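Read through the structure below, which is laid out as structure tokens, and then see the notes.
The values are calculated or read from the model by the stated rules, or taken from the named source; none is laboratory data. Bear in mind that the values here come from a model prediction, so they are computed numbers and not experimental data. Methodologically, a virtual Cβ is constructed for each residue, glycine included, from the backbone with ideal geometry; neighbour enumeration extends over all protein chains shown.
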Amino acid sequence: MSVSKKQGLGKYRVIVIAVALFLVFDLGVLILNFFTSYQIGQDAISINLAGRQRMLSQRMTKSLLIIANDASAGRDIGAGKTELKKTVGLFDSTLKAFHTGGSVMGGNDKMVELNAITSPKGLQILSEASTIWQGYTLATQPIITQAEFTPEQLTTAITYARANNIKLLGLMNGLTNDLEKIASAKAERLRLVQTIGIGLALLNFGFILFKFIRSLRRSDELVEQAQQETDEILATVKEGLFLLDENLKIGNQYSASLRTILLQEIKPGADFIAILGSMSSSETLVSARDYIELLFGNHVKENLIISLNPLSEVEVQLTDSRGKSDTRYLSFQFNRVLVADKISHLLVTVQDVTERVHLVTALADVKGQSKVELSYLQKILAIDHEQMHNFLALMETSLTNINAALQQASEHGGADYHSIINKILRETHTIKGEAATLGLESCTSNTHSFEQEMIRIRNLPHIQGNDMVGLTVRLDDFFERLHLVRTIMSSVTGANVSTLTPVAHASNLVDDMQLLCLSIASDQQKQAKLTADLAALPKLPECLTKELRNITIQLLRNAVSHGIETPDERILLGKSPTGSIHLSCKEIQKDQFEWVIRDDGHGLDPERIKSALLRNNYYDQEALTSMDTRSIVMKIFEPGFSTLTTAHANAGHGIGLDLILDKINAIGGRLHVKTRVNHSTEFIIHFALGRSPVAQSS
Amino acid sequence: MHKINETEIHVFIDAIGHYFNQISNEIAIVKAAYLASDAEPPPLYDYLGTINLSGDYQGSIYFSAPRILIRHLLIAMQEPNRTEQDFLDAVGEIANTLAGNARKHFGEFMNISVPTSTAAPFTELQNSTRIHPFVIMIKWRQYHASLVIDMERIH
Amino acid sequence: MKLMIVDDSSIIRNRIARISRHVDLAKLEIDIVGQASNGKEAVDLFVKAHPDIVTMDLTMPEMDGVECTKALAYMNPAVRILVISALSDKSTALKALKNGASGFLYKPFNDEQLISALESLVN
């Protein structure tokens, strides 16, 4: 406050000084005027009396002549004598007063003050007049004072008077003129001073006017500029801005965005609560009113309740001019506006945060969905029960393995999230493969998206425990689906599905693989046909068949995705547009089996594998050039390898082949790969009965 | 019945991370997340704080931590007393704070109970609400603690 | 300034007490006149100790923080109550404010947050 006062004075200082100067000039001129006027008044008296002396000198001579006349005619000379006495006395006292200053009888028989003459010329005249006057008084003395005077005395007086009368008149005339000249000089000076004073005052006034108008104009300009800036800000600012008064009415100025955000015309003085009421729930309204009222009260501390603003992210229903209703999320922020330490208004900032909210909820929806589609259930019910039991048992085992892998992270000192993810990926790949053979598209796509999520995490520079949370929630979804499907199935079949032991169904293997082959091919706009010769299959124990089935699923997936070309490519290469895949199982010696899956696609091209290895930074150029072709081809069995640049449900994740190798090892088998570029690829698995760990354990 | 989603799990994880950060300037990280079951009950340490839920939700939120972790936490709080009662108090207060913070997401109709604190040995956790309660393993400094989210929305 | 601390956790009470003696708050001359672990105790203590400021938990046994705030504000409208709670839904906290509390601080809080909240509360 004190600061603004100082600034206020500073702003008006020049004007205040100018006005003060104006007053000083005017007052100075006025005082001078008074003073000089007084002096001119004094001068007027002097001039008057000097003029009277002139007249008196003539009257004295005239009185002497009248006396002489009356005396010679024998008349009474009393009147003449009295006149002469009075005249001489008056002249004498006036002359003395001119000399020394003092009171003199004025024209109207009143005493007036006369100033002594000071000018040199006046003084000279006075001294000359005094000399003459001395003779004059001496000559007239007997006439005035003595009752009887001699005619000689009268003659002497008249003679003297006659001789000096004109001189005295001239002197007194000179005195009058001198006084008049002095007075006129003074008047001249006064006029000059007045002119200068008034001139200065006028100049000052002009200055004030100029200065004042200029600063007025400037402040007007500033106000205008500020107003313009405010207008511009209000017109362009993205947020809705307005002031709210204690009666919860909107102020006169608000930003243009407010209309677009609130999707309605806002009038100054509009009721905020009514506007809010038109778009939000009544509970929100109550909380909002409470909060705003708390802010207007002096009781609460603004910065201690900001976190409680019920409108910081409020859901509203907005209806546009065409009557279309839309759910939006708005954020209202309130700030107290203090004027003289009192809360005068709240500054309200409104933002549309719908996109932000949608982003958050969309994320939550994607992660939290737990719906079992109807078509999925129909599919389940259409599948052979035994097959379904097997699938569910496999799924349960896999899910439990996944959970165990997730739990591992908490047990070891430094969790190797990377290897945990790889472990989970292998499990999900098994589920996905099985789901696809059963035509459970929904399950396949769910598993696929689960896999993609894991791939995303696997590619993170630093995997953290926090990244596992989403996987846990998805795992819970899978468990729930499993539970739900079992519940449904048991209600349909009346059997407790989970207790049934899984049974591998060799007879269905060819059908399933043919189905899978068609489905993968059609997914990729390819054509492929699977033929099979599984004459030796019945000799294998069921547990082994089950493992072979899993291996075949992955190899088949690989063959269609990576081996078989598109029909166009095949025609260009002079092949039939439909690729063929052949599956065979032979007993080559006693208890020695050969399992082959062969496709007539473009073969494993070492150059393509090399460039994929380079692209994924698995090996550098130097390491690759030192490898032989066979080593390079075998790199396709390393975890994470894929030649596809984008992943789809069937391949490209770089999982699968490493899983196959795991499984082949598990049954004690050995894998061979035969390939010819643009001709074929053969995966050959050799295994023996009685040597397989899986077979032994079961 | 509505399932709890990942965002909601993160509400609790964020709350616990924030809690340790506020008290000690050191965040607590998630070490692992998995599902508990009858066969694999949630891991419990020396102390257990429980908040029971009612209203629109049912179930419980558990926070369990070893004595050493609570001891470090009390030191970080500059709490001079370290009696058994203080350990119980701390574990209950953490459970209470986590559940309270979670109301920001779940709303005021998730009623939360006053915390119950117990010390080992425990009888098994009461019958779980979910088939598979979520287990979030937390690591703060070098110590582990568990947060168990066993809750469902009922309307 | 006479301070009363209401919280069912003794650890939190001790912590608030310790922070209230922080050097940054020395100018407020805070004098802890009482600690209560539930609303009922707080009301009894309030009558005896006449605190100027109160920190108030919300979730407490016996009498909860909202009810307690209401009672204290009724007895002395000038008392300044800072609600310190983990309850992050806005409506409960607003209820406490409407019933006479002056401010709100989320649990968990750190030392600086409580110091600045107490400063704001007194200014």
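Odds and ends about this structure:
- Looking across the stretch A:234-290 at every residue that is in a helix (DSSP H, G or I) and among the basic types (Lys, Arg), the one that is modelled with the lowest pLDDT is identified as A:259.
- Hits in the stretch C:78-123 - residues which are in a loop (DSSP other than H, G, I, E, B), in contact with a Gly (Cβ under 7 Å, 6 or more places away or on another chain) and either surrounded by fewer than 18 Cβ atoms within 10 Å (Cβ to Cβ) or of a type in the set (A, V, I, L, M) (or both): C:86, C:87
- Restricting attention to the stretch C:70-85, the residues that are under 12 Å from residue C:104 (Cα atoms) and among the polar types (S, T, N, Q) add up to 1.
- Leading residue by the ranking (modelled with the lowest pLDDT) among those in the stretch A:448-485 that are over 21 Å from residue B:30 (Cβ atoms), buried (at least 17 other Cβ atoms within 10 Å of the Cβ) and more than 12 Å from every other protein chain (Cβ to nearest Cβ): A:485
- Some residue of the stretch A:401-415 being in a loop (DSSP other than H, G, I, E, B), more than 22 Å from residue B:41 (Cα to Cα), at pLDDT below 85 and within 49 Å of the chain's Cα centre (by Cα): yes
- Options A:205, A:272, A:242, A:212: the member that is among the aromatic types (Phe, Trp, Tyr), away from every other protein chain (no Cβ under 14 Å) and under 30 Å from residue A:34 (Cβ atoms): A:205
- Members of the stretch B:106-140 that are closer than 22 Å to residue B:45 by Cβ, away from chain C (no Cβ under 14 Å) and either of a type in the set (A, V, I, L, M, F, W, C) or without any contact (Cβ under 8 Å) to a residue 12 or more places away in the chain (or both): B:119, B:120, B:121, B:122, B:123, B:125, B:127, B:134, B:135, B:136, B:137, B:138
- Of all residues in the stretch A:191-216, those satisfying the criterion of being surrounded by 11 or more Cβ atoms within 10 Å (Cβ to Cβ) and either basic (Lys, Arg) or more than 18 Å from residue A:19 (Cβ to Cβ) (or both) are A:191, A:193, A:194, A:195, A:196, A:211.
- Restricting the stretch C:28-76 to residues that are of a type in the set (D, E, K, R) and part of a helix (DSSP H, G or I) leaves a set whose member that is farthest from residue B:116 (Cα to Cα) is C:48.
- Any hit, the stretch A:560-569, residues being assigned to a loop (DSSP other than H, G, I, E, B) and either charged (D, E, K, R) or touching a helix residue (DSSP H, G or I) at 6+ places or on another chain (Cβ under 6 Å) (or both): yes
- Positions within the stretch A:265-293 being buried (at least 17 other Cβ atoms within 10 Å of the Cβ) and farther than 18 Å from residue A:247 by Cβ, in sequence order: A:279, A:280, A:284, A:287
- Pair list, Cβ under 6 Å, 6 or more apart: the stretch A:565-589 residue polar (S, T, N, Q), other residue in a strand (DSSP E or B): A:578/A:529; A:580/A:529; A:584/A:533; A:584/A:596
- Qualifying residue in the stretch A:101-121 (condition: closer than 24 Å to residue A:65 by Cβ and in a helix (DSSP H, G or I)): no
- Number of residues in the stretch C:63-77 that are of a type outside the set (Val, Ile, Thr) and buried (at least 24 other Cβ atoms within 10 Å of the Cβ): the value is 3.
- Looking only at residues in the stretch B:64-95 that are β-branched (Val, Ile, Thr) and farther than 16 Å from residue B:117 by Cα, the one that is nearest to the other protein chains (Cβ to nearest Cβ) is B:75.
- Checking residue C:62 against (1) away from chain A (no Cβ under 12 Å); (2) farther than 21 Å from residue C:19 by Cβ; (3) modelled with pLDDT of 90 or more, the condition it does not meet: (3)
- Flag for residue A:197 being among the small types (Gly, Ala, Ser), in contact with a Phe, Trp or Tyr (Cβ under 8 Å, 6 or more places away or on another chain) and assigned to a helix (DSSP H, G or I): yes
- Qualifying residue in the stretch A:59-71 (condition: out of contact with any strand residue (DSSP E or B) (no Cβ under 8 Å at 6 or more places or on another chain), farther than 21 Å from residue A:137 by Cβ and assigned to a helix (DSSP H, G or I)): yes
- Neighbours by Cβ (under 9 Å, 6+ apart or cross-chain): first from the stretch C:1-29, farther than 18 Å from residue B:22 by Cβ and within 13 Å of another protein chain (Cβ to nearest Cβ); second in a helix (DSSP H, G or I) and at pLDDT below 95: C:8/B:89; C:8/B:92; C:8/B:93; C:8/B:96; C:10/B:85; C:10/B:86; C:10/B:89
- Residue in the stretch B:42-63 that is farther than 25 Å from residue C:59 by Cβ and either outside any strand (DSSP E or B) or at the interface with another protein chain (Cβ under 8 Å from one of its Cβ atoms) (or both) present: yes
- One residue stands out in the stretch B:96-105 among those that are crowded, with 24+ Cβ neighbours inside 10 Å and more than 7 Å from every other protein chain (Cβ to nearest Cβ): the one that is farthest from residue C:61 (Cα to Cα), namely B:102.
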